[in-house]
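The values are calculated or read from the model by the stated rules, or taken from the named source; none is laboratory data. Quick caveat: nothing in here was measured; it's all calculated off a predicted structure. Note that we place each Cβ from the backbone using ideal geometry, even for glycine, and neighbour counts take in every protein chain shown.
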Amino acid sequence: MADLRLAYLVSRYPALSHTFILREVRGLRALGIEVEVASVNPADRPISALAGEEREESSRTLVLKQAGVLGVVAALGFTLRRAPAGWIRGLVLALREGDLHPRRTLLWLAYLAEALVVGRWMHERGLAHLHVHFATPAASVALLASRVFGIDFSIMVHGPDEFYDVSWHSLPRKLAAASFLCCIGLFARGQLMRLLPPTAWRKLEISRLGVDPARFSPAKRSPRRGKLDVLCVGRLVPQKGQRVLLEAVAGLVRRNRDVSLCYVGEGPDREALESRVAELGLGDRVRFAGGVNQDEILPFYSAADAFALVSFAEGIPVVLMEAMAMELPCVTTFTAGIPELVRDGVDGLLVAQSDVEGTAAALERLLDDPDLRVRLGASGRARVVRDWRLDASVERLAEIFRHRVVRSPDAVVPRGAREGVEDGR
């Protein structure tokens, strides 16, 4: 029998860009913590395209947007019977957050409907604590579920998106309402300290992400002087800086340097990137592999000479940990939490955001110095093995849950408003 039971709520599960959540959930279960998962959206691929573990997780996950009108009506009926005063509190909060803005009000009313579905689901499963990854839409649902049903909830804060517009994301109110907050690193914790009074800092916990070094183990490669195959893994979105990387590679190719680039990932920027590749005449140097399941990603790491992720905004990317564990020398940016993982000149090469010339220079250093590649790759793997292992990160999170989660024989017990929720302190 599990020694602790709790619910997870995520925006999309399973998802290619969030495989670390799946590993975390399964790791917690292996440690004796029962985790039930609800997802706002369905998986990002059809069932037939999911890997084995993903299919298993998808089959046992509640998808809020698939509840339909009947599901929402049933959840509303449950709420009116069990927590009528909570329903009024939730409706008032949703309208207040809507702030008379039609689109925002509709959005918060949708969050409220999803919160009712979550509350009923937690009651049926006897779950009293809700843990959320990212302080964005899923956390809005959790905030309302807490307001309606008195559910305790916690947030794993990644950043940096929610730090850019704290009012739009209602971040101060969410932070005040959460029973505790897990931060993936020091940068995230510092941003929350900026938003919380010192008396609330006791709610903050550091809970790093991690990768399995046994799975992401080094490939046998002989670094070649004068040739560099660069890999970039991540969603094709503006914040990842893939256009900067492309321009850097183009500059090296114009100087007759033997460099190629492979993008693994999908996203709204793909069409624009492909158009730019055609403009630059780099069709034989740049490859778009599309989205790749976790059971298919290892050959891409093994085939590369270097890894590059020159993002404008990041938390601490798991793909960097994966590349480092594979002993790939990494080129990345002095952005948010990345320097906590990669030490410049020790575990990788750090460049400034948007610096095309600096990115090209870093790649050229790796191109011309195979020994540097070996040193950076070895140091990067040693750092991941020491400080960013999946098993250690899951054990740390399990310790936090066992210490912080209030165990109750009853789930979804209506009670008064949580202190600080009403005024957003």
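Okay, here's what the table says:
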| read-out | value |
| --- | --- |
| Flag if A145 is under 14 Å from L93 (Cα atoms), in contact with a Leu (Cβ under 8 Å, 6 or more places away or on another chain) and at pLDDT 95 or above | yes |
| The listed residue being touching an Asp or Glu at 6+ places or on another chain (Cβ under 8 Å), closer than 27 Å to S170 by Cα and touching a residue at least 24 places away in the same chain (Cβ under 8 Å), out of A7, A85, A51, A38 | A7 |
| A362 vs. criteria surrounded by fewer than 17 Cβ atoms within 10 Å (Cβ to Cβ) and in a helix (DSSP H, G or I) | no |
| Members of region 274-295 that are under 23 Å from T19 (Cβ atoms), assigned to a helix (DSSP H, G or I) and touching a helix residue (DSSP H, G or I) at 6+ places or on another chain (Cβ under 6 Å) | Q294 |
| Residue list for region 36-53, restricted to those being at pLDDT 95 or above and under 18 Å from the mean Cα position of the chain (by Cα) | V37, A38, S39, V40, N41, P42, A43 |
| Pair list, Cβ < 6 Å and 6+ apart or interchain, from region 187-202 residues that are assigned by TED's automatic domain parsing to the domain that holds E340 to residues that are in a helix (DSSP H, G or I) | none |
| Single match in I155, I184 (criterion: in contact with a helix residue (DSSP H, G or I) (Cβ under 6 Å, 6 or more places away or on another chain), within 16 Å of F134 (Cβ to Cβ) and β-branched (V, I, T)) | I155 |
| Lone unmet requirement of (1) without any contact (Cβ under 8 Å) to a residue 60 or more places away in the chain; (2) crowded, with 24+ Cβ neighbours inside 10 Å; (3) under 23 Å from V237 (Cβ atoms) for P329 | (3) |
| Tally of residues being touching a residue at least 60 places away in the same chain (Cβ under 8 Å) and either closer than 19 Å to F334 by Cα or crowded, with 19+ Cβ neighbours inside 10 Å (or both) across region 371-397 | 10 |
| Segments classed as strands (runs of 3 or more DSSP E), wholly inside region 146-260, with at least 1 members that are under 18 Å from the mean Cα position of the chain (by Cα) and over 22 Å from G348 (Cα atoms) | 152-157, 180-183, 204-206 |
| Conditions (1) buried (at least 20 other Cβ atoms within 10 Å of the Cβ); (2) free of Cβ contacts under 8 Å to residues at least 40 places away in the same chain; (3) more than 23 Å from V63 (Cα to Cα): number failed by Y111 | (3) |
| Cβ-Cβ under 6 Å pairs, at least 6 apart or on other chains, region 166-177 side crowded, with 24+ Cβ neighbours inside 10 Å, far side outside any helix (DSSP H, G or I) and among the basic types (K, R) | A177/R418 |
| S302 being of a type in the set (S, T, Y), over 30 Å from H403 (Cα atoms), surrounded by fewer than 17 Cβ atoms within 10 Å (Cβ to Cβ) and at pLDDT 95 or above | yes |
| Among (1) in contact with an Asp or Glu (Cβ under 9 Å, 6 or more places away or on another chain); (2) surrounded by 14 or more Cβ atoms within 10 Å (Cβ to Cβ); (3) at pLDDT 95 or above, the one test that L16 misses | (3) |
| Cβ pairs under 6 Å, 6+ apart, first in region 244-257 and within 17 Å of L273 (Cα to Cα) and in contact (Cβ under 8 Å) with a residue 60 or more places away in the chain, second among the small types (G, A, S) and in a helix (DSSP H, G or I) | A248/A360; G251/A360 |
| Residue in region 12-19 that is in a strand (DSSP E or B) and not aromatic (F, W, Y) present | yes |
